[in-house]
Amino acid sequence: MNVIFLGPPGAGKGTQAVRVCERLGIPQISTGDILRRAIKEQTPTGLAAKAYIDRGDLVPDSVVIDIVRERLAQPDCQKGYILDGFPRTVPQAQALAEFATIDAVIDIEVSDEALTQRLSGRRVCPACGATYHVSRLSGDACEKCGAKLIQRDDDKAETVLSRLAVYHAQTAPLIDFYSEKGLLRTVDGAAPMDDCFAAILKALGEAE
Ligand code: AP5
Ligand code: MG
C-alpha cells in the first residue's frame, strides 16, 4: 500500500508513520528526516537545503522531487511505503503522480494552537530518531537508546510560526487536490496517540 501522510507541522505524521510502518512492514519515507541527515553529513543537497529549513521555508520542489523519485526506486519500496511530509506543494503532487500510484492520503488534522504547544515541547533523539514531548518525559535521555535528546533547530517559536504559515499557503491546497481524486481520509490528530493510530489503521482498512 502506497500512502501519503499529510498534515501541518507537529500533527503527528512522524509519530504515527513509525507505528503504522512497523505494523504494515513497509518503510517510512520522511523528506524532513532525509534533508536533516543530508545537512548533518554536509552533502551538496544538505548545504543547499539548510537555509530554507532554518527559515521554516520549503526546500525547492526540484530538490525534494529528485530525492523521493530516487528513494521510491529502491527495492524496499516495492511492497509499499508511507510518504511523511511529501508532497507539500501541488507541483510536488503532480510530479509524484508521474512516478508513483498512491492508494490513500491520510490528513492528520490539529489546530494551530495545539501545534505550537507540541512543537515547542518536542524533543528528538539524534541517534535513533525517536520523538518525545517534554510533558511525557522524566529525564533528557532517549527511552529507546539512551542518547541525550535535543530540540530541533526549526522548533524555535518564530520558525514554527513561519512553518505554519507556509503550510496554510502551500500545503493545505493538497487537501482539495486529493479529495477530488477520492483518496483523502481525515483523522483527528488532536486525539490521544493510540486513538489516532487506531483511526489511521481503520482509514487504511487494516484491522487493529
Ligand atoms: P518535516 O521534518 O517534515 O517537518 P514538518 O512537516 O514540519 O512536521 P514535523 O516533523 O515537525 O511534525 P510531525 O507531523 O512529524 O509531528 P511529530 O510526530 O514529530 O520538515 C522539516 C522541514 O524540511 C520543512 O520545514 C521544509 O523546510 C523541509 N521539507 C521537508 N519536506 C519537504 C518537502 N516535501 N518539500 C519542501 N521542503 C520540505 O509530533 C510532534 C510533537 O507532538 C511530538 O512532540 C510528539 O510527541 C507530539 N505528538 C504527536 N502526536 C500527538 C498526539 N496525538 N497527542 C499529543 N502529542 C502528540
Ligand atoms: Mg516529522
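Quick rundown of the values:
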{"quantity": "Signed unit charges on C-beta, dipole axis of the chain, positive-most listed residue 45, 6, 187", "calculated": "45"}
{"quantity": "Lys, Arg +1 and Asp, Glu -1 on Cβ, resulting dipole of the chain about Cα centre, debye, nearest 20", "calculated": "520"}
{"quantity": "Pairs of alpha carbons in segment 41-151 whose separation is greater than 16 Å (percent)", "calculated": "72"}
{"quantity": "Difference of contour (0.36 nm per residue) and Cα-Cα distance, residue 63 to residue 168", "calculated": "35.7 nm"}
{"quantity": "Under 14 Å, Cβ to Cβ, from residue 110 - net charge with Lys/Arg +1 and Asp/Glu -1", "calculated": "-2"}
{"quantity": "Of the DSSP H helices in the chain, those whose Cα atoms cover at least 20 Å axially and whose Kyte score averages -1.0 or more", "calculated": "none"}
{"quantity": "Mean projection area, nm², convex hull over Cα of the chain", "calculated": "11.1"}
{"quantity": "Share of Cα-Cα pairs in segment 46-98 lying beyond 16 Å, as whole percent", "calculated": "46"}
{"quantity": "When segment 70-120 is reduced to its Cα atoms, the Kirkwood hydrodynamic radius in Å", "calculated": "13.3"}
{"quantity": "Contact order relative to length of segment 62-139, as percent, for alpha carbon pairs under 8 angstrom and 6 or more apart", "calculated": "17"}
{"quantity": "Segment 1-64, relative contact order [Cα under 8 Å, separation at least 6], %", "calculated": "15"}
{"quantity": "Reachable lysines, given that their alpha-carbon falls under 23 Å from the alpha-carbon of residue 144 and they are not under 8 places away in the same chain", "calculated": "13, 40"}
{"quantity": "Distance in nm between pseudo-label sites at residue 153 and residue 120 (7 Å out along the Cβ direction from Cα)", "calculated": "2.2"}
{"quantity": "Ranked 128, 77, criterion: other C-beta atoms within 10 Å, fewest first", "calculated": "128, 77"}
{"quantity": "Gain upon complete extension [residue 195, residue 136; 0.36 nm per residue less C-alpha separation]", "calculated": "19.5 nm"}
{"quantity": "Contour minus Cα-Cα distance for residue 100 and residue 47 (0.36 nm per residue)", "calculated": "16.3 nm"}
{"quantity": "Percentage relative contact order, segment 21-103, counting C-alpha pairs under 8 Å, at least six apart", "calculated": "39"}
{"quantity": "Reference-scaled alpha-carbon Rg (2.2 N^0.38 Å with N residues) for segment 1-70", "calculated": "1.18"}
{"quantity": "Peptide ranges 58-64, 131-137 listed from the most packed, as the mean C-beta count within 10 angstrom indicates", "calculated": "58-64, 131-137"}
{"quantity": "Inter-part distance where segment 21-67 and segment 159-180 are each reduced to a Cα centre, Å", "calculated": "18"}
{"quantity": "At 0.692 mPa s and 37 °C, Stokes D of segment 90-204 from Kirkwood alpha-carbon radius, µm² per second", "calculated": "201"}
{"quantity": "Residues whose placed amide H lies under 5 Å from that of residue 6, excluding near-sequence neighbours", "calculated": "106, 107, 108"}
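A short reminder: the numbers here are calculations on the coordinates, not readings from a lab. What you are looking at is a predicted structure, and each value in this text was computed from that prediction instead of being measured. Heads up, the Cβs are rebuilt from the backbone with ideal geometry, glycines too, and the neighbour counts pull from every protein chain shown.
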